[in-house]
1. Does anyone have the angle between helix B:68-80 and the longest principal axis of chain B? Alpha-carbon axes, 0 to 90°, nearest 10?
2. Just the number, please: buried accessible area between B and A, total of both chains, 1.4 angstrom probe, nearest 100 square angstrom.
3. Starting from the amide H of B:Ser51, placed 1.01 Å from N in the peptide plane, find each other amide H under 5 Å away whose residue is 5 or more places distant or on another chain.
4. Return the sequence-ordered ³J(HN,Hα) values of the range A:145-159 in whole Hz as given by the Karplus equation 6.51 cos²θ - 1.76 cosθ + 1.60 applied to θ = phi - 60°, using x for Gly and Pro.
5. For A:Asp395, which sequence-distant residues (separation of 5 or more, or a different chain) have an amide H within less than 5 Å of its own amide H, given hydrogens modelled in the peptide plane?
6. For A:Glu124 and A:Phe68, calculate 0.36 nm times their separation in residues minus their Cα-Cα distance, and state this gained length in nm to one decimal.
7. Net charge near B:Ala2, counting Lys/Arg +1 and Asp/Glu -1 over other residues with Cβ under 12 Å of its Cβ?
8. Computed FRET efficiency, Cβ-Cβ of A:Asn351 and A:Asp331, R0 60 Å: what is it to the nearest 0.05?
Amino acid sequence: MPQYIADRGIRTAPFHIRVDELSTSPTNGTPSLILEATESGTSDAPIMQLQRITSSPSDSDDLGRIQFIGNNSAGEDISYATIHAESKDVSDGTEDGQIIFSYRNAGSLETAMQLGRDEIVFNEGSNDTNFRVESDDQTHMLFVDAGNNRININSSTDEGGIVNIITTDNSPNLVLACRDTDASTGPVLELDRDIATSDVSAGDLIGEIRFSSGVNQYAEIQTKVLDPTVGSKDGEMNISIESNDTMSSALRLGATEAVFNDDSNNIDFRIESDGQANMFFVDAANDFIGIRRNDPAVTLDVVGAGRFSNGIFFGTDDASPSSPVTSNKLDDYEEGTFTPNATFTSTPPSNGTVNGTGIYTKVGRIVTIDLNVTNIHSTGASGDLRINGLPFAADLIPSPGLYVGTVRLSAANLADTGDGSYCVAEVPDNSSYVRIGEISDGASAVDLINTGNISNDVSDIFVHLQYIAT
Amino acid sequence: MAITKEIIQDKIEVVGDFKHIQVRTATVIKEDGVELSRSYHRHTVAPDSDSSKESADVQAMVKQFHTDELKKAFAEYQKDR
């Protein structure tokens, strides 16, 4: 049973308990002082009260101290640790207090932890005293390495950063979670080069994320100030990778351009589509581009069709690509059909005109036509034969203003001078019809085929001709 | 699966000194709305052409461009050729 005694033994304080005089055989670990309460309610009990009574309380008054005193090697009484409290603010209604835990450090009493209204401070005296929090499994779940000025999480090892977060498995090292339900951005990770605006210059690097394995770095993301001028600020982000033992720019995103492979290394560029692995492929080593292929053999190597709505320039052309007319611009290709119609210039056939068939191919402005009209009607008609219905009007051409092609005229009654003659198909410029001419050997004039040369419902015409479209 | 065929005049151009009207008629074959093929047929309406069977759009252009003055000029031009 504990024994109660006061004011016995050597008096060094107004109330002095000397435990070893209370028992004939004191035992280490036996409590020296027990405050016992038998009250069965829920209120605090027992209560040990250190009370400073003064008529002139003031801020920062020391309010009491618990000292843990032992002897040193010289036999002196030394306070090895203390707990003491202060009144920080004694104003009625807004009182503040503070409690300080101190320990002896190389002969001096140092503050270990200070609990106050404004802050809770560990190691206020800036000693080489680490701070360590254990979790259920980890001895260094939170570790402030005082000597190295580091904060380590889950390790005592200094990894080189101010904050080092270490995992020993594949769990995320750092998770930023945001539970804000509004539409604004969250979570936010900000890298801030926290200097005055006046200290920022063009070219300043303002943040970097490195990807390393041990001492070897393999990639990095770096950001830079291009123009710090307020109102026209420009920035840049550069993603670099280790290429042949050299850190090289893989992708640089600037205010005015985005550049892949800015350091001109042998780094191919490839874009996949939903169905194509090489929808766009830049062969860096050979300076070729492939579309839907990864083995381009020329500057632009395309598998599939291309569409150039404004044409293609061949060779070198000083004209602007937007110029509507240039001599080496191919801007059209089209093929299709047309319906040639055989009639006569003065009077159409009384039994109706005859339609034939025709096909055309237009490359640039060059139109190639092939037509045939068979069993031409000529009864009741007068004038020269004319085949209307060409797909395009013919452009102007120097005198005599004709595009000439070949013709096969079957069952026709030609003049046939006996010296030999031949027929040609002609498209006059600024027109959209074909006429047929017969030229006698040595003659300069053309005799246009007319009703007199055509056998009604018998004569056939086949024409192949090229002309320039308007 | 629905196969449809559309015939449309997809291009009407007025070209040259005598305002030839070039008409392109496209025949479009679609399967479930997806175009499978497109083929072209062309004809040209000259100032002296019979436009009575042309589409309303073409006739409107004929009316606008093929004026009596133009037709007369075209006829004179033809004589020289």
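The values are calculated or read from the model by the stated rules, or taken from the named source; none is laboratory data. Just so we're clear, the structure is a prediction, and the values are computed from it rather than from any experiment. Don't worry about glycine lacking a Cβ; one is built from the backbone with ideal geometry, like all the others, and counts go over all protein chains shown. Just the protein is used for accessible areas: all its heavy atoms, side chains included, with ligands, DNA and RNA removed. Shrake-Rupley method; radii C 1.70, N 1.55, O 1.52, S 1.80 Å.
1. Helix B:68-80 sits roughly 80 degrees off the main axis of chain B.
2. Values: alone 5800 and 30780 Å², together 34960 Å².
In total, chains B and A hide about 1600 Å² from solvent.
3. Result for B:Ser51 returns nothing.
4. Going residue by residue, I get 8, 5, x, 9, 6, 10, 10, 10, 10, 6, 6, 9, 7, 7, 8 Hz, with x marking Gly and Pro.
5. Residues meeting the criterion, in which the H sits 1.01 Å from N, are A:Asn430, A:Ile468, A:Ala469, A:Thr470.
6. Difference between extended and current length: 18.1 nm.
7. Net charge around B:Ala2: 0.
8. Computed FRET efficiency for A:Asn351 and A:Asp331 comes out at 0.85.
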